[in-house]
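Take a look at the structure set out below.
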Amino acid sequence: MLKPAELSTMPTHDRNSYTLEFQKVVRRYHVDRGLGPVTFTIRPGMVCSVIGPNGSGKTTLIRTAALFELPESGDVYLCGETRPTADAEVDRIRGRLIGTVFQHAELWPHLSLRDNIMLPLREALCHSKSSAREVADQELQSFGLLDRALAMPNQLSGGLKQRAVLARCLALRPKLLLLDEITSALDPDWTEVVKQRLLSFARDGGSVVSVSHRLNWVRRMSDWIIYLENGLIVEQGPPAEVIDSPTQPGLQRFIENA
Amino acid sequence: MYRWDFGWVWTFRAALLDALWVTIELNLLILVFGTIAGFLVWRARASRFRLLRLSAVAYIDLLRTLPVLVLLVWFFYCVPILLGGIRLGPMVSAVIVLSLNLSAFTAEIIRAGIDGVPVGHVESARACGLSAHQTLRRIVLPIAFRNMVPPMVGQYINSVKLSVLASIIAVPELLQKTVDISSRVYRPLEFYTVLAALFLLLLLPGTILSRRLEAGEHNRRLTTSG
């Protein structure tokens, strides 16, 4: 919902053209932990990477965008609409609009790889069994996992599980992907495949917000970078600005040590 | 030198088999009612209503603290007085008291099983758009169930062993019959030996199953975390 007061102060700001928007969002745990106030916007087709030292608020940013944290102040907008508060509406948005892969996300251990992907399709998006299976197999194929469709999670390596978790998320066809350290267990070949997959997702109009410590990956993939320090955005811009010519001393140090 | 003579036991085999059947019947009823009641107590314990939650905690603490024998005798003799003379009978009283006892432990096992489900699995489910109810039904309970089975089997075995206490209020189960017959024929050693053997036969498969399940669970955890 557009607020008249905000319209008058931001005449050129068209909220509906953004997939995700944070307006002065604050979510603090202690005085020195958490996030905010932060303001940024993510357009359709944009790949944004969030970087920063440990405890800088990256995960809180992802969790707040994924509607797992309620901001103390400020506004979160998803596709121009204010953040819903009713549980049913949050579930609907999470299933259809936002796809989130948390840090250390795991497959559900009691289900095979294929069932892990089919379950949310059946339960959250009400797919028929055959259509869920078709989508699941398509995703398994694209992540090189189809021959292990019947494997149980404890039979898979960390890298395979990480690919499968991403496949589970992409199978829901979200418009916004929120990814927290999803390449930590991937080898270079699969990191590249995932990168290509995310870029093609963005070319089709999807938006990606990804937390990563791999600066090389971040530079090659992103068209926008947010650098966080102590919960605040210290610098944001295209990779050429943020990574190649950083102005803030903290960011300079961060890049040198990376 | 004591001369063993199991002939007496053979003579009373029909009575002992009847008693064995009563023991099995008693325990099946306790298992069913105790488990259902345990599930209900757990639901109350996990309720959003404070009063319900506190009542469930009080119930669990009370039943885990009171000796089963004391509760059994109290229930059998005092409840009819409190109910204005309505007698429940030994079998019904034993089923109620032992089910109540089992339910308190079952509720705690269910709670521990559910608390043992990593929060990451729940958040992944919610992140995929599953509602709280769908997450409980499709993710939390199936994972928790695997955590619960080994301690639950152990608790059932315990409960079967406790069921001999029903003899004190004259439920005609194995111990009660053994005491009764052996005191008549003065052959306690033979009868108690057979009693022990019968319980061994009854519970050994469960004990082995429990150990296998625990080993399986241990191996699964190692491979999952590896």
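Kindly establish whether B:LEU102 is away from chain A (no Cβ under 13 Å) and modelled with pLDDT under 95.
Criteria not met by B:LEU102.
With a cut-off of at least 1 residues that are closer than 30 Å to B:THR193 by Cβ and of a type outside the set (Gly, Ala, Ser), name the helices (runs of 4 or more DSSP H) lying wholly within segment B:68-180.
Result: B:68-82, B:90-115, B:141-162.
I'm checking my understanding of the structure. Among residues of segment A:119-133 that are among the hydrophobic types (A, V, I, L, M, F, W, C) and more than 10 Å from chain B (Cβ to nearest Cβ), which one is most open to solvent (accessible area, probe 1.4 Å)?
It comes out as A:CYS126.
Can you name every residue in segment A:25-45 that is closer than 16 Å to A:GLY80 by Cα and open to solvent by 10 Å² or more (accessible area, probe 1.4 Å)?
A:THR39, A:THR41, A:ARG43, A:PRO44, A:GLY45
For the subset of segment A:104-118 comprising residues that are open to solvent by 10 Å² or more (accessible area, probe 1.4 Å) and of a type outside the set (Gly, Ala, Ser), which member is farthest from A:ASN154 (Cα to Cα)?
Looking at the filtered set, the residue picked out is A:MET118.
Matching residues to (1) open to solvent by less than 10 Å² (accessible area, probe 1.4 Å); (2) touching a helix residue (DSSP H, G or I) at 6+ places or on another chain (Cβ under 8 Å); (3) of a type in the set (Ser, Thr, Tyr):
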{"site": "A:GLY144", "(1), (2), (3)": "no, yes, no"}
{"site": "A:ARG148", "(1), (2), (3)": "no, yes, no"}
{"site": "A:VAL165", "(1), (2), (3)": "yes, yes, no"}
{"site": "A:ARG168", "(1), (2), (3)": "yes, yes, no"}
{"site": "A:ALA171", "(1), (2), (3)": "yes, yes, no"}
{"site": "A:GLU181", "(1), (2), (3)": "no, no, no"}
{"site": "A:SER184", "(1), (2), (3)": "no, yes, yes"}
{"site": "A:TRP190", "(1), (2), (3)": "no, yes, no"}
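Restricting segment B:173-226 to residues that are under 26 Å from A:LYS161 (Cα atoms) and of a type in the set (Ser, Thr, Tyr), which is modelled with the lowest pLDDT?
By that ranking, first place goes to B:SER225.
How many residues does segment B:141-170 contain that are more than 30 Å from B:VAL73 (Cα to Cα), crowded, with 19+ Cβ neighbours inside 10 Å and either away from every other protein chain (no Cβ under 14 Å) or of a type in the set (Val, Ile, Thr) (or both)?
The first filter runs over segment B:141-170 and keeps only residues more than 30 Å from B:VAL73 (Cα to Cα), leaving B:141-150.
Still in the running and crowded, with 19+ Cβ neighbours inside 10 Å: B:143-144, B:147-148, B:150.
Restricting the remaining residues to those that are either away from every other protein chain (no Cβ under 14 Å) or of a type in the set (Val, Ile, Thr) (or both) gives B:143, B:150.
Within segment B:141-170, residues that are more than 30 Å from B:VAL73 (Cα to Cα), crowded, with 19+ Cβ neighbours inside 10 Å and either away from every other protein chain (no Cβ under 14 Å) or of a type in the set (Val, Ile, Thr) (or both) number 2.
Just checking, how many residues over segment B:1-17 are assigned to a helix (DSSP H, G or I) and either modelled with pLDDT of 95 or more or more than 31 Å from the chain's Cα centre (by Cα) (or both)?
Within segment B:1-17, residues that are assigned to a helix (DSSP H, G or I) and either modelled with pLDDT of 95 or more or more than 31 Å from the chain's Cα centre (by Cα) (or both) number 3.
The values are calculated or read from the model by the stated rules, or taken from the named source; none is laboratory data. Note that the structure is predicted; figures quoted are calculated from it, not measured. We place every Cβ from the backbone using ideal geometry, glycine too, and count neighbours over all the protein chains shown. Accessible surface is based on the protein model in full, side chains and every heavy atom, while ligands, DNA and RNA are left aside. Shrake-Rupley method; radii C 1.70, N 1.55, O 1.52, S 1.80 Å.
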